[in-house]
1. Considering every residue within region 94-113, establish whether at least one is under 29 Å from Pro4 (Cα atoms), out of contact with any Gly (no Cβ under 7 Å at 6 or more places or on another chain) and among the basic types (Lys, Arg).
2. How do the helices (runs of 4 or more DSSP H) wholly within region 4-75 filter down when requiring 3 or more residues that are surrounded by fewer than 20 Cβ atoms within 10 Å (Cβ to Cβ) and in contact (Cβ under 8 Å) with a residue 40 or more places away in the chain: which remain?
3. Just to verify a result, which residue in region 79-136, among those that are assigned to a helix (DSSP H, G or I) and hydroxyl-bearing (Ser, Thr, Tyr), is farthest from the chain's Cα centre (by Cα)?
4. Picking from Glu50, Glu81, which residue would you name as being over 30 Å from Glu128 (Cα atoms) and among the acidic types (Asp, Glu)?
5. From the list Glu102, Glu122, pick out the single residue that is open to solvent by 70 Å² or more (accessible area, probe 1.4 Å) and out of contact with any strand residue (DSSP E or B) (no Cβ under 8 Å at 6 or more places or on another chain).
6. Kindly check whether there is at least one residue in region 98-118 that is within 15 Å of Arg12 (Cβ to Cβ) and in contact (Cβ under 8 Å) with a residue 24 or more places away in the chain.
7. Within region 58-98, which residues are under 21 Å from Asn137 (Cα atoms) and hydroxyl-bearing (Ser, Thr, Tyr)?
8. With respect to Thr3, is the statement that it is closer than 30 Å to Glu138 by Cβ and either aromatic (Phe, Trp, Tyr) or out of contact with any Lys or Arg (no Cβ under 7 Å at 6 or more places or on another chain) (or both) true?
Amino acid sequence: MPTPSMEDYLERIYLLIEDKGYARVSDIAEALDVHPSSVTKMVQKLDQAEYLIYEKYRGLILTPKGKKIGKRLVLRHELLEEFLKIIGVSTDNIYRDVEGIEHHLSWDAIDRIGDLVQFFEEDTKRIELLRQVQKKNETEPK
């Protein structure tokens, strides 16, 4: 199982490859706001763990294992963003909040959050009802 730091790299590499068709060390460094030397060290670790294949000066490709984990990490991130939107978290805070919690939840918890998101998305009236309850709670004295 990858560490939280490895997960961040795999998620970003997966997104870069999906978006651009490739992921260079410089692209990863820029996206994660880290030094290229840090990226090189992590890419070497990910290569050793068989999440990707890295050849110095030639680039990298995700292995099937790396693609599977990368895709799952992206879906986890998107699911948590959607969940926080549904429960009314300010858009200004969502990305930072997801980054803060995504590595600390079990996959079981992620699956249950997915069930809850699906419940709300199946009938948008449920989200409207939730908003009404939230507004009522905000206006009531504490």
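The values are calculated or read from the model by the stated rules, or taken from the named source; none is laboratory data. Model, not experiment: these values are computed from the prediction. No Cβ is skipped: glycine too gets one built from the backbone with ideal geometry, and neighbour counts run over all protein chains shown. Note: accessible area is taken over every heavy atom of the protein model, side chains too, but ligands, DNA and RNA are not part of it. Shrake-Rupley method; radii C 1.70, N 1.55, O 1.52, S 1.80 Å.
1. Filtering region 94-113 for residues under 29 Å from Pro4 (Cα atoms) gives 94-113.
After this cut, where a residue has to be out of contact with any Gly (no Cβ under 7 Å at 6 or more places or on another chain) as well, the list is 94-113.
Checking the rest, the ones that are also among the basic types (Lys, Arg) come to 96, 112.
Among the residues of region 94-113, at least one is under 29 Å from Pro4 (Cα atoms), out of contact with any Gly (no Cβ under 7 Å at 6 or more places or on another chain) and among the basic types (Lys, Arg), which makes the answer yes.
2. Details: elements: 4-20, 25-32, 36-48.
Answer list for region 4-75: 4-20.
3. Within region 79-136, the first condition is being assigned to a helix (DSSP H, G or I), and the residues that meet it are 79-86, 91-104, 107-122, 124-136.
Of the ones still in play, those that are also hydroxyl-bearing (Ser, Thr, Tyr) are 91, 95, 124.
Details: Thr91: 16, Tyr95: 9, Thr124: 24 Å.
Residue satisfying both the conditions and the ranking: Thr124.
4. Details: Glu81 fails: over 30 Å from Glu128 (Cα atoms).
None of the other options fit; the residue is Glu50.
5. Values: Glu102 fails: open to solvent by 70 Å² or more (accessible area, probe 1.4 Å).
One residue alone meets the criteria, Glu122.
6. Of region 98-118, the ones within 15 Å of Arg12 (Cβ to Cβ) are 98-99, 102-103.
Okay, now just the ones that are also in contact (Cβ under 8 Å) with a residue 24 or more places away in the chain, so 102-103.
Scanning region 98-118 turns up at least one residue that is within 15 Å of Arg12 (Cβ to Cβ) and in contact (Cβ under 8 Å) with a residue 24 or more places away in the chain.
7. Answer for region 58-98, where residues must be under 21 Å from Asn137 (Cα atoms) and hydroxyl-bearing (Ser, Thr, Tyr): Ser90, Thr91.
8. Values: closer than 30 Å to Glu138 by Cβ: no; either aromatic (Phe, Trp, Tyr) or out of contact with any Lys or Arg (no Cβ under 7 Å at 6 or more places or on another chain) (or both): yes.
No, not satisfied.
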